[in-house]
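Following: one structure in structure tokens, then a few remarks.
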Amino acid sequence: MSEQEEQPTDDSESADSATAVETDAADEASAADQASAAEDTPAAEDSQAESVPEFQPLRATGRSTDGNFELNRFGGVQVVLTAELGRTQLTLQELMSLSEGAVLELHRAISEPVELMAQGVPLGNAEVVVVDDQFAIRVKEIYSN
């Protein structure tokens, strides 16, 4: 038997219970009506406006005279630049069998330029050169946006 079908043993308990349920429902409806009415009144708008903090206006710094953002203020930020010499694919078996002295062929011709990446983003291409017994790159092309 469900709760609604149960018969209380005392008639006064069922009357009190029904009255309590009706009172709770009426209170909830009344509170919802008051909240809805309060939102429509100017006083509610004033109290909401008072709770929003005021911020000082932003100063017009960091912009050039033509309105464009000045990037030169970030000139000291360090960026990782990589030159990708080439790539190859191996099976897991081949990878696990690598040992000192193994030679891996890369899928790039020796005359083909290497890819330059700034923070992982393609920037341009270059050629590999040697300067003072160290590898270096000579930039050949910077990609446009």
Filter result (open to solvent by 100 Å² or more (accessible area, probe 1.4 Å) and modelled with pLDDT of 75 or more) within the range 49-71: 54, 55, 56, 57, 71
Positions within the range 87-110 being within 37 Å of the chain's Cα centre (by Cα), of a type outside the set (S, T, N, Q) and under 25 Å from residue 125 (Cα atoms), in sequence order: 87, 106, 107, 108
Selection count, the range 75-111, where residues are under 15 Å from residue 139 (Cβ atoms) and among the acidic types (Asp, Glu): 1
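Can you pull out the strands (runs of 3 or more DSSP E) entirely within the range 72-145 that have at least 1 residues that are in contact with a Leu (Cβ under 9 Å, 6 or more places away or on another chain) and open to solvent by 90 Å² or more (accessible area, probe 1.4 Å)?
Values: elements: 81-84, 114-118, 121-131, 134-142.
Because the criterion is at least 1 residues that are in contact with a Leu (Cβ under 9 Å, 6 or more places away or on another chain) and open to solvent by 90 Å² or more (accessible area, probe 1.4 Å), the strands (runs of 3 or more DSSP E) in the range 72-145 that meet it are 81-84, 134-142.
The values are calculated or read from the model by the stated rules, or taken from the named source; none is laboratory data. None of these values were measured; they are calculated from a predicted model. We place every Cβ from the backbone using ideal geometry, glycine too, and count neighbours over all the protein chains shown. Remember, those area values only see protein heavy atoms, side chains included, never the ligands or the DNA or RNA. Shrake-Rupley method; radii C 1.70, N 1.55, O 1.52, S 1.80 Å.
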